[in-house]
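Trainee: Mind looking over this structure? Questions follow.
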Amino acid sequence: MIWRVEVKQRDGTLDTQGLSIARDITDLGLSEMPQVRVVSVFLLEGQISRDEIKRIGDELLVDQIVEQYSFDLKLPLQSADHHVVEIAYNPGVMDPVEASTIKGIRDLGVTGISAVRTARQYHIHGKISAKQLESITTRVLMNKLIQHVVKDPSHVPATLGIAAPSASKFDVMIVDLLGANDKKLSEISKSGQLYLNLDEMKATQSHFKKEGRNPTDVELETIAQTWSEHCRHKTFRGVIRYREDKTGKPQIIRSLFKTTIAAVTVKLNKKWCVSVFHDNAGVIAFDKDYNVCFKVETHNHPSALEPFGGANTGVGGVIRDTLGTGLAAKPLCNTDVFCFAPPDMSASSLPSGALHPKRVMKGVVSGVRDYGNKMGIPTVNGAIVFDEHFAGNPLVFCGNIGLIPKGKEIKRVSKGDLIVAVGGRTGRDGIHGATFSSGELTGDSQTVSSGAVQIGNPIEEKKVQDALLKAREAGLYSAITDCGAGGFSSAVGEMGEKTGARVDLDRAPLKYQGLKYHEIWISESQERMVMSVPPVHIEALLKVFADENVEATVLGEFDGSGRLQLFFHGQQVADLDMRFIHDGLPKTIKEAVYQKPVLKKENLPKSNQDLTESLCSALSHYNVASKESIIRVYDHEVQGTSVVKPLVGPSTDGPSDAAVIRGRLDSKRGIAVSNGINVRYGMIDPLGMAASCIDEAIRQIIAVGGSLERIALLDNFCWGNPDKPDRLGSLVRCAQGCYKAALAFGTPFISGKDSLYNEYTHKGKSLAIPGTILISAIGIVDDVGKSVTMDLKKAGNSIYAIGTTFDELGGSIYLENLGQLGTNAPQVNFKMAVKTYKAIEKANKAGLIASLHDCSEGGAAVALAEMAFAGGLGATVLLKKLPYKGKQRREDILLFSESNSRFLAEVSPVHEKALAKIFKGIAFAKIGTVEASPEFVVYGLHDQPVINARIDELKEIWKSPLK
Amino acid sequence: MSSNVKVIVIRTAGTNCNEETAFAFSRLGAHVEQVHINALIAGTKKLGDYHILALPGGFSYGDDIASGRILANELRLKLAEDIKRFIRDGKLIIGICNGFQILAKAGILPGLGWKIGQEATLFYNDSAKFEARWVHLKVESRSIWTKGMAGQIYLPVAHGEGKFIPRDKKVLDTLTGNGQIVFRYCSLDGGKPVYPDNPNGATDDIAGICDTTGRVLGLMPHPERHFLFEQHPFWTRLTQKSEFGDGAKIFENGINYVKENL
């Protein structure tokens, strides 16, 4: 039978969950804040007596000091001022607390428990219309993709199980491909959600013609998954015919990846690059015993539909990349970057079907917090870009750095190794995630692809990690990879490419019965990994996992057949040639045209007399404003490795540049991590954007004490539909910028990712996101004890500007605040930048710089103000001393131009001479002084005050937008 | 006297501060083992073989149902006798963050009258969210863990359920009367804290308590995260460089106590 237990807080205790929901409800535009109480509902199924239920309530479900429970089934009283809404997870969606509740009940000695589901009941007190209640329910209390309203809470279902027919009786589905004409082939691709184009369908057809038979459904699914853009990166690895301007001379690019990103790494040939591009993450040398790996992934489409679950599983996925690198690396830290529409965008200007950006942001941040914090991986660095173009298609980048002992980066599957699945069970969740992300979002994406939306279980993944690292130390397996997009299909297919594989799908542990064989094969259920295990170690391996309460199951064997053979209850359902799966993809030629955008020249205000207001607007721009409210919900200090934290200064609220962590607690060797991103530069020129982003990522690492000699880069391209020549044209140009800049800086790419088809089709119009490149950088730091932070340290010190400012307001925050984009986006003088970075490194090694901050969005004005209020000290600045080159000399250009490769440094008078020597031949000038009085004063070109403000006021203006 | 101080750091699904807690003890010379709770329950490891039991931070079993609840029940139902003997034998226990939640929910803290029963809890922060931030703490008890630590220390917190609530006024008065309140949140200058100085709304600003013996300590802040100097959030401003941070003294006290008394 099923017991229903309701848990609520005792009267007189503060219902904080209710309070925060009440705030969200008020955000919807309600005039009065309602009162909300939250009740947790547990449905417990099994042979459980009344006495046992009482024990479960008393000892497990409630905290008697603050809570109480009941298990009678009275209907909640409702009235015009008291509304009750109960929300439960849809069948098949993982209920995050189910497994641990069952464990907790068994620990009490109650063995009859068989299943648990939970729900939440919201009691909303206040004058609310039926329409308002509906809006509250759908926009605050639940997401219909994973949850539903329980119509009648007093009605307890007969069982919590998912009713399903027995799976042992089944038919193998054969798809008639051989007899299909072109139209039919396209139909098969579309109705099966395969996202294969006609050429690919034809190649598949002719392959099966040779085989003399039609394929099964699961064979087609396997091909579709392996050939998907997500898994195969067809755009980056295929042939592109590129032209600049429609009339330009076409240039054939055999592989954009090989000729740009990979070409940098090949040419630079750094011996500290240990394993690049081919594994789940790029690996570089760390110290004499360890290497580190770094990977950044996107999870855009899922986050658009279910922000919490999308970001949650995005973080979980990139951590599994680390766990699946070599023979498993230990995750050290996370870095996360998001692109959202501004949180104050009006609901009416959103594309229909899109969630409000405020909700997207809240969900994404919560999803990242939940997974990172629970796994005990500090989120040390990140960025958020706000732009209205991301309203229908937000971007979510999740990155993870891991530590791996030298030698463990090599994996090799041998013939005869067993295929072992470990971790979570397989369910129907995430079906078609790989192929889904290879298509555009549409208004009805929410219903069509709801299977692609999931919630993660970080504790399951933490258990997997604990067991895995033990098994790695004992040398019990020969290879490992994670189950990401494409599930077992992708993991086993990749690992068995050279050996072939035989899998008994009915052996996979399932969340619930009734899954079809092809669903087991392509399900993207979270927290699963696949290992190859020599038979001699299998018993020891299974024991390691059992000791940590992690399920591990032998699914089959890498059998040396060169074929992929799948069985279900003894019957063969697939027999594919591995060579065809991996090499049979027909090369396509894509057209690309880059057309220089027609831009309006900027129109600057006549007067430059008082720029205090402009500084305030820049500081309160969402991109610049403090992200403290977000940083603090992330545990950025777990593992104890953080050295330069995301928030610095005496009030721990200054915005640091790169993060610095130790690799191990017993050593001073460290890792610096940073990100460069700026979509508005790309609207002017994608090539310049790439160079600027690379410069930004590198200079942040230099700013905290890193060395240009030991910096590696990751690229993440998020673009619109690459089948449209204009989208692809700008993508090509951006990749060329990556090549040029990374080569000039001598910083190799070690890994990367592309997420294409970021478009949102609405009312027949396709809205693409602005082409966006994220450059993530990792630097090895010799001695973390020499790190430098950006907060001003001491009154009386001098303030120096390093690097030249140019007339480059294009794409700047200043122009955006004036409603303009401009034309002259920042360029990079690579030779000068390299020289500057080397000089700074030398100065930092000698401990000559007291504080250092790079100039990025908002230019020198924002950087100076940030340094002042972060340090709690004032500053006086003489603008006419700022090194500048340009035709127009105006205060606003000097203050707000976002020219690259620039820093502001605080220097003690005793070190000024030594520094001047180091910076010989580099633009380097004393522009001001650190003051004890809390005023920030900037004098203009004629020594007239142009900015005059108190630092606490500036700080408040900077802090309040995202509070 | 024991020169070989043995520490057991217990972990289970979701424990995640075990490495740095183990590091703190071992850096100061103790012999540390990180042991899965399953091994203690199965008897392959024995609590009696150690001098100090550490329950580190994290999200044991996801903090599902309530923070620390499920691991607290495992201790209470499966290891109660071993733990009682451990305390009776004059040994030490420290619970940090999730470890404190576990000790409170298992009824091991405040441990009034030597009977295990829940007398206090750690509940949702008043801010309704998880927060990581640094707090000033006033040290004010005779616990062996804080020997020689007069005045104020600076440690980080990182939790969503850290609001200390005693069962009733009587429990609170007893704790105060017995000197069982070890740490209170305070403002920078040692005054009465307001949010976020008191980051969670804890009753009487209580951040950590000990049992009646002074040998069992539970605290929400993380001393193991201010064990090294460079873990300080603005160490780059501090003129006096050192190797260790404010939290190190707590671990050192534990180790010294064992050396001198066990």
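FYI, it's all coordinate maths here, none of it is from the lab. Keep in mind that what you see is a predicted model, and the values were worked out from it rather than measured. Note: ideal-geometry Cβ built from the backbone for every residue, glycine included; neighbour counts use all protein chains shown.
Trainee: Taking chain A as the reference, fit the longest principal axis to its C-alpha atoms, fit the long axis of helix A:217-226 to the helix C-alpha atoms, and give the angle between the two in degrees, 0 to 90, nearest 10.
Mentor: Long axis of A:217-226 versus the principal axis of chain A: about 10 degrees.
Trainee: A further question follows. Of all trypsin sites (Lys or Arg not before Pro) in the stretch A:47-138, which ones are in loop regions per DSSP and have a Cβ with at most 13 other Cβ atoms within 10 Å?
Mentor: The qualifying sites are A:LYS74, A:LYS127.
Trainee: If amide H atoms are built 1.01 Å from N in the plane of the peptide, which residues on other chains or at least 5 residues away come under 5 Å of the amide H of A:ASN381?
Mentor: Residues meeting the criterion, in which the H sits 1.01 Å from N, are A:ASP336.
Trainee: Continuing with this model, one more query. Can you list the residues, at least 5 places off or on another chain, whose amide H is less than 5 Å from the amide H of B:VAL135, using H built in the peptide plane?
Mentor: B:LEU155, B:VAL157
Trainee: Right, something else. Treat each spin label as a single point 7 Å out from the Cα along the C-beta direction, and report the A:THR259 to A:LYS127 distance in nm.
Mentor: It works out to 6.9 nm between the two label points.
Trainee: If you count the DSSP beta bridges with both ends in the stretch A:306-401, what percent of them are antiparallel, to the nearest 5?
Mentor: That works out to approximately 50 percent antiparallel.
Trainee: Restricting to bridges with both residues inside the stretch B:6-261, how much of the DSSP beta-bridge set is antiparallel, in percent to the nearest 5?
Mentor: Of all bridge pairs located within the stretch B:6-261, approximately 60 percent are antiparallel.
Trainee: Specify which residue in the list A:PHE277, A:PHE568, A:ALA180 is farthest towards the positive end of the charge dipole of the protein assembly as shown, using unit charges on the beta carbon of Lys, Arg (+1) and Asp, Glu (-1), about the Cα centre.
Mentor: Value computed over the given set: A:PHE277.
Trainee: Where does chain A land at 222 nm, in deg cm²/dmol rounded to the nearest 500, when only DSSP H runs of n ≥ 4 count, each adding -39500 (n - 2.57), divided by all residues?
Mentor: Counting only the DSSP helices, I get -9000 deg cm²/dmol.
Trainee: So how much slack lies between A:GLU709 and A:LYS543, counting 0.36 nm per residue of separation and subtracting their Cα-Cα distance, in nm?
Mentor: 55.3 nm
Trainee: Measure off 7 Å from each Cα along the Cα-to-Cβ vector at A:LYS596 and A:ASN948, then give the distance between these two points in nanometres to one decimal.
Mentor: 4.4
Trainee: Turning to a different aspect of this structure: What relative contact order, as a whole-number percentage, does the stretch A:229-299 give when Cα pairs under 8 Å and 6 or more residues apart are counted?
Mentor: Across the stretch A:229-299, relative contact order equals 17 percent.
Trainee: Then there is this: For chain A, what's the relative contact order in percent, using C-alpha pairs closer than 8 Å and at least 6 residues apart?
Mentor: The normalised contact order for chain A reaches 11 percent.
Trainee: Any number yet on Rg/Rh for the stretch A:2-149, C-alpha, Kirkwood?
Mentor: 0.99
Trainee: Oh, and also: Taking the Cα-to-Cβ direction at B:HIS31 and at A:GLU134 and moving 7 Å from each Cα, how far apart do the two end points lie in nm?
Mentor: Label at B:HIS31, label at A:GLU134, 7.1 nm between them.
Trainee: For A:THR204, A:THR216, what ranking results if the residue with the fewest other Cβ atoms within 10 Å of its Cβ goes first?
Mentor: Ranked by crowding around the Cβ, least crowded first: A:THR216, A:THR204.
Trainee: Note down the magnitude of the dipole of the protein assembly as shown about its Cα centre, charges +1 on Lys and Arg C-beta and -1 on Asp and Glu C-beta and zero elsewhere, to the nearest 20 debye.
Mentor: Result for the protein assembly as shown is approximately 2440 debye, rounded to the nearest 20.
Trainee: Determine by what factor the alpha-carbon radius of gyration of the stretch A:586-642 differs from 2.2 N^0.38 Å, reporting the quotient.
Mentor: Compactness ratio reported: 2.20.
Trainee: What is the gain in length, in nm to one decimal, between A:VAL536 and A:SER352 on full extension, counting 0.36 nm per residue of separation less the C-alpha to C-alpha distance?
Mentor: Length gained, A:VAL536 through A:SER352: 60.5 nm.
Trainee: Among B:GLY95, B:GLY43, B:GLY111, which one shows the biggest mean-square fluctuation in a GNM of chain B, springs joining Cα atoms closer than 10 Å?
Mentor: Greatest mean-square fluctuation among the candidates belongs to B:GLY43.
Trainee: Also, quick follow-up: Ignoring everything except DSSP H segments at least 4 long, calculate the 222 nm mean residue ellipticity for chain B; use -39,500 (n - 2.57) per segment, divide by total residues, nearest 500.
Mentor: Rounded to the nearest 500, it is -7500 deg cm²/dmol.
Trainee: Hey, another quick one. Taking the 0 to 90 degree range and rounding to the nearest ten, how far is the long axis of helix A:16-27 tilted relative to the main principal axis of chain A, both from C-alpha atoms?
Mentor: 70
Trainee: At R0 = 25 Å, how high is the FRET efficiency between A:ASN269 and A:ILE410 if r is their beta carbon distance? Nearest 0.05 is fine.
Mentor: The computed FRET efficiency comes out at 0.80.
Trainee: Can you compute the FRET efficiency between A:GLU211 and A:THR159 using 1/(1 + (r/R0)^6), with r the Cβ-Cβ distance and R0 = 51 Å? Round to the nearest 0.05.
Mentor: Efficiency at R0 = 51 Å is approximately 0.70.
Trainee: Could you tell me which chymotrypsin sites (Phe, Trp or Tyr not before Pro) in the stretch A:83-177 are loop residues by DSSP with no more than 16 other beta carbons within 10 angstrom of their beta carbon?
Mentor: A:PHE170
Trainee: Taking 1 over the mean of 1/r across every pair of different Cα atoms in chain B, what Kirkwood radius in Å do you get?
Mentor: Evaluated over chain B, this radius sits at 18.1 Å.
Trainee: Efficiency by 1/(1 + (r/R0)^6): what FRET value for A:TYR512 and A:LYS151, r their Cβ-Cβ distance, R0 = 30 Å, to the nearest 0.05?
Mentor: Efficiency at R0 = 30 Å is approximately 0.85.
Trainee: Is any residue of the stretch A:106-130 close enough, with backbone N under 17 Å, to a label point placed 7 angstrom from the Cα of A:LEU30 along the Cα-Cβ axis, and if so, which?
Mentor: So the set is A:121-130.
Trainee: So how much slack lies between A:GLN888 and A:ASP81, counting 0.36 nm per residue of separation and subtracting their Cα-Cα distance, in nm?
Mentor: Separation in residues times 0.36 nm, less the Cα-Cα distance, equals 284.1 nm.
Trainee: As a footprinting exposure proxy, order A:SER191, A:SER899, A:SER960 by other Cβ within 10 Å, with the fewest listed first.
Mentor: So the ranking, lowest neighbour count to highest, is A:SER191, A:SER960, A:SER899.
Trainee: Per residue of the stretch A:32-37, in order, report the coupling 6.51 cos²θ - 1.76 cosθ + 1.60 (Karplus, θ = phi - 60°) as ³J(HN,Hα) in whole Hz, putting x for Gly and Pro.
Mentor: So the J values, rounded to whole Hz, are 10, 6, x, 9, 10, 10.
Trainee: Running a GNM on chain B with Cα contacts under 10 Å, which residue among B:TYR195, B:TYR124, B:TYR50 ends up with the highest mean-square fluctuation?
Mentor: Top of the fluctuation ranking is B:TYR195.
Trainee: Oh, and also: Of B:PRO196, B:PRO221, B:PRO56, which has the largest mean-square fluctuation in a 10 Å C-alpha GNM of chain B?
Mentor: For chain B, modelled as a Gaussian network with Cα springs under 10 Å, the answer is B:PRO196.
Trainee: Along the charge dipole of chain A, Cβ charges K/R +1 and D/E -1, which of A:LEU403, A:VAL38, A:ILE113 sits furthest on the positive end?
Mentor: A:LEU403
Trainee: While we're looking at this one, here's another question. Kindly work out what percent of the DSSP beta bridges joining two residues of the protein assembly as shown are antiparallel, to the nearest 5.
Mentor: 75
Trainee: Here's another thing I want to ask about it. Among A:TRP272, A:TRP719, what is the fewest-to-most ranking by other Cβ atoms within 10 Å?
Mentor: Neighbour counts put them in this order, fewest first: A:TRP272, A:TRP719.
Trainee: Taking the dipole about the Cα centre of the protein assembly as shown, with the C-beta of Lys and Arg at +1 and of Asp and Glu at -1, give me whichever of A:ALA203, A:ALA795, B:VAL135 is farthest to the positive side.
Mentor: A:ALA795
Trainee: Then there's this: So what's the protein assembly as shown giving for Rg/Rh, alpha carbon basis, Kirkwood Rh from the mean inverse pair distance?
Mentor: 0.96
Trainee: Give me the percent relative contact order of the stretch A:2-149, please, defined on Cα pairs under 8 angstrom at least 6 residues apart.
Mentor: Computed over the stretch A:2-149, the figure is 34 percent.
Trainee: A follow-up question, please. What is the magnitude of the charge dipole of the stretch B:6-261 about its Cα centre, with +1 placed on the Cβ of each Lys and Arg, -1 on the Cβ of each Asp and Glu, and no other charges, expressed in debye to the nearest 20?
Mentor: 500
Trainee: May I ask for the angle, rounded to the nearest 10°, between helix A:859-871 and the longest principal axis of chain A, with both axes built from Cα atoms and the value confined to 0 to 90°?
Mentor: Helix A:859-871 sits roughly 80 degrees off the main axis of chain A.
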